[in-house]
Each structure stands twice: as structure tokens, then as C-alpha cells.
Amino acid sequence: MKTSLHNLKFMICILLFMLIISMLSLQAQSYLISFAGTGGSTSVASVKVENLTKGTNLALNGSDILRLDLTVGIEPVIDNIKDKIRFSPNPMIDFSKMQFDLPETGETIITLYDVSGKELVQTQNMLSKGQHFYSIQGVETGIYFVRISSGKYSLSGRLISSGSKNNPARIVYENTIALQEKHSESKGTNAEVAMQYTVGDRLKFTGTSGIYSTVITDIPTLSKTITFNFINCTDGDNFNYPVVGIGTQVWMAENLKTTTYRNGVSIGTTTPASLNISGETTPKYQWAYNGNEANVITYGRLYTWYAVTDIRNVCPTGWHLPNDNDWTTLSNYLGGVNIAGGKLKEAGITHWTTPNAGATNETGFTALPGGLRSYNGAYTFGGSNGFWWSSSEYSSTNALDRDMDYRFIGFFWNYNIKSYGFSVRCLRD
């Protein structure tokens, strides 16, 4: 009787195993994303892909194909290694020998899961390039999955056990056979680069070609071609900006950094950077936040309203400082001022103070908290707030601007003293 029950249990495991394989074959779909250019360039040199939902990213050549390996239910494994894991015997009794190949030396993590996805045991070793041998021991009757991860390489295998008397479960290292170096094969022009993707994840694509850079956000639901519309956006310092289309508008996707007007004339600054300019009537200055030029790379520069409305123009040719109606068009397209800030702010807390409420960056605008410079020389709100000038006046001493705050999802209308230093985003003519 015990033998019959044991055999019945084993057959049920086999049937479950076949069912799960069938489910995994349905789940392990992939979307293939290719890239093309239009406008200023028809070719794409490189693409940065950011998963705004998961916080992951990767870089690839513009000629590469992005393979989005879908996660639905049980997580599929990206198999970058030619050979799979080999188990002998499989099904196992008491133990099974496990064999796999690594094409590169690296820290390697081996994890054993049961059929529900629960982690049973994990081991981590620095393994050399070559063929490796382990044994799986002490697992009860059932179906199991092994995942091996080493750097950018990952592979998986499925193992059936008819039971073991040697509990608990163990992964035991046995041997390594080093592989001889081989001449590297030339990489094809359309290499596939894999990225884990859960249905509904929002991706940000930044395509670059020479001086051009364009941002597109998307939630892929099928294989497709992402086409970047490359538009020139080069300032007086010859700095090239990424651009992003939002509704009917095209915006710079970074804050302005220039120290010169469009005609090449320098925009003044103060010495020291904290100089009080409250006594000046129409100060035309730019600064790095806190006088630290390292801040410019990420946050851009801060400008007085008088500088950014000068007829010599701080914006690149073909671009202009938005007026209040332009900002209103943007916020209305995104659902109104009460929620638009969250859709514009950079997601996460890399640059924003926690909690960075509601930030999704679903537009690709990537608003950053550049803070402000007061007319008295004080720098405040860096990391917590962003302020952007409009060209519209409120009074003889104040101008309209738009603000974002780490605590709120709104995109607030405001007015401030024209001698303040705020960030600038230019809008395509």
C-alpha cells in the first residue's frame, strides 16, 4: 500500500510538472523592440532604457533589438547561456548531479525554489569561466526550480524529486573544469539584449544620434519599433539637450545649463556666488546652485528673470522661454495642476527628497529639484523643490513661475521676485 501511494504521489508530481511547463511556455513570451530615427537623423547610435516602474536600466546600441522577457505569475528566466542546466538523474532520489557552464568568471548565486516559488536554499561562490558541478540533496517529493545568476548571465532548470531521507535541502559544490579561451565571435549588427519586463511597466527610452537626443516613454504591449524624432537643441555653449514630446509640445528634457546668450555673449554671474543683489534694478545673472559647478551637470543653472527674458535669448535657436499659457497647456494635457507635477517629476528619490509624492515621470520630462537663489544670495530648497520661470510678468517686480514640491503631486502656479534665480526649460517654437 505504501508503495502504491508513493507511486501515485510521484505520478501527480509528473502531471503537475507538465502543467507548469505548459504554463511557463505561455508566460515566457517576449516583445521585441527595435529602434529607428527620423528628423535630424535617420540612424540611432545608442539607446538608454529605463524601467521607471522597477527602477532598472540598461544601455544598448541603436542597431540592437531589445528583448522584453515578460513576467506573468511565475517569473521567467532570461537564458543568455547557450547550454542549460543538466541534472542527472532527473527525476532524482536522494540527490541529483547538477552541471552548467559559465562563459565568464564572476560571483555566482544558485537558488533552489519549490513549485510555489518559495526559496528553499541558496549558495553563492566566485566561479571561474568553465564547467561546474554541484549536487542537489535533501529535497522532498515534488517539483523544483533552480536559478543560476552570474553577472549579466542567468539560466534556470527544473528538477523532479521522488523524495529524500537526507533533510534539509542542500546545494553542494563538487568540481570545476576550466574552459580554454576561445576567439571571440563577431557580434551581429542586430544583437538581442534582454530585459526583464512585467506587463504594465513604463519604460523610458533615450535615443542618441550625434548631437541629437530624444526621450520617449511607453508601456509596450507588443513587439514594435520605437522611432525617435531627432530635433536640434544646442545652446550658446554648444551643449546639446535631450528633447521630449508631450501632447502637441516639444520640451527640453533637462534644465538649461548655458552661460552665454544665443549670440555668444556671456551671461553675467556674481563674485562671490552668494553676493547680495537686492540693490540692483534689472540684474541679469546665472549661477550654479551654491556656487558649485558640479551641481550644473544634474540640475542646470539658476537664472534671474531679467536674464532669461533678455532679447539676446538664452534658449537654443528654434526654442523659446515658455509663457504662462504654455505651462498651462502642459499641465492641462496632464490632467490639471493638481496632478501634473507627479507626471513630470523624476521618479524615485535619487535626487528628490523622500517621499517625492506621486512621482512617475510618465512624460519623460524628468523634472529635478534645482532649488532657488534668493536676491540676498541665499540658496535654498535644493533637492526638495523645483522652480521654473515663465516669460509672463505678474507685476513690475514679480513674474509668473511654476513650482514642484517633494511633498505634493501638484504643478503649482506662483509668482516670485524677478531677481530670484530659478531653473529654465525651453519650449520648441
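The values are calculated or read from the model by the stated rules, or taken from the named source; none is laboratory data. The shown structure was predicted, so the numbers you read here are calculated from the model rather than taken from an experiment. Cβ placement follows ideal geometry from the backbone for every residue including glycine, while neighbour counts extend to all protein chains displayed.
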Residue pairs within 7 Å by beta carbon, gap of at least six or interchain, first lying in segment 55-84 and more than 18 Å from SER150 (Cα to Cα), second modelled with pLDDT under 50 and basic (Lys, Arg), listed first then second, are none
Output the number of the condition that GLY40 fails; it satisfies all remaining conditions of (1) at pLDDT 80 or above; (2) surrounded by 18 or more Cβ atoms within 10 Å (Cβ to Cβ).
(2)
Which condition number does LEU222 fail, the rest of (1) in contact with a Leu (Cβ under 9 Å, 6 or more places away or on another chain); (2) assigned to a loop (DSSP other than H, G, I, E, B); (3) over 30 Å from SER374 (Cα atoms) being met?
(1)
Evaluate segment 374-382: report whether one residue or more is in the same structural domain as THR259 (by TED's automatic domain parsing), touching a helix residue (DSSP H, G or I) at 6+ places or on another chain (Cβ under 9 Å) and surrounded by 16 or more Cβ atoms within 10 Å (Cβ to Cβ).
yes
Condition test on ILE311, is it in a loop (DSSP other than H, G, I, E, B) and at pLDDT 95 or above?
yes
Tabulated pairs, segment 142-164, first under 15 Å from PHE95 (Cβ atoms), second of a type in the set (Asp, Glu) and modelled with pLDDT of 85 or more, C-beta under 7 angstrom, 6+ apart or interchain
SER161/GLU140; GLY163/GLU140; SER164/GLU140
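The rows are residues; the columns are (1) modelled with pLDDT of 80 or more; (2) surrounded by fewer than 19 Cβ atoms within 10 Å (Cβ to Cβ).
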{"position": "LYS152", "(1), (2)": "no, yes"}
{"position": "ALA169", "(1), (2)": "yes, yes"}
{"position": "GLU174", "(1), (2)": "yes, yes"}
{"position": "SER184", "(1), (2)": "no, yes"}
{"position": "GLY188", "(1), (2)": "no, yes"}
{"position": "MET195", "(1), (2)": "yes, no"}
{"position": "THR198", "(1), (2)": "yes, yes"}
{"position": "THR206", "(1), (2)": "yes, no"}
{"position": "TYR212", "(1), (2)": "yes, no"}
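In segment 104-141, what residues are in a loop (DSSP other than H, G, I, E, B), without any contact (Cβ under 8 Å) to a residue 60 or more places away in the chain and of a type outside the set (Ser, Thr, Tyr)? Give the steps one after another, and end with the answer.
Pass one, segment 104-141, residues in a loop (DSSP other than H, G, I, E, B): 104-105, 115-118, 128-129, 138-141.
Those left that are additionally without any contact (Cβ under 8 Å) to a residue 60 or more places away in the chain: 104-105, 116-118, 128-129, 138-140.
Selection gives GLU104, GLY117, LYS118, LYS129, GLY138, VAL139, GLU140.
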Of all residues making up segment 240-289, the number that are over 22 Å from ILE311 (Cα atoms), touching a strand residue (DSSP E or B) at 6+ places or on another chain (Cβ under 6 Å) and of a type in the set (Ser, Thr, Tyr):
1
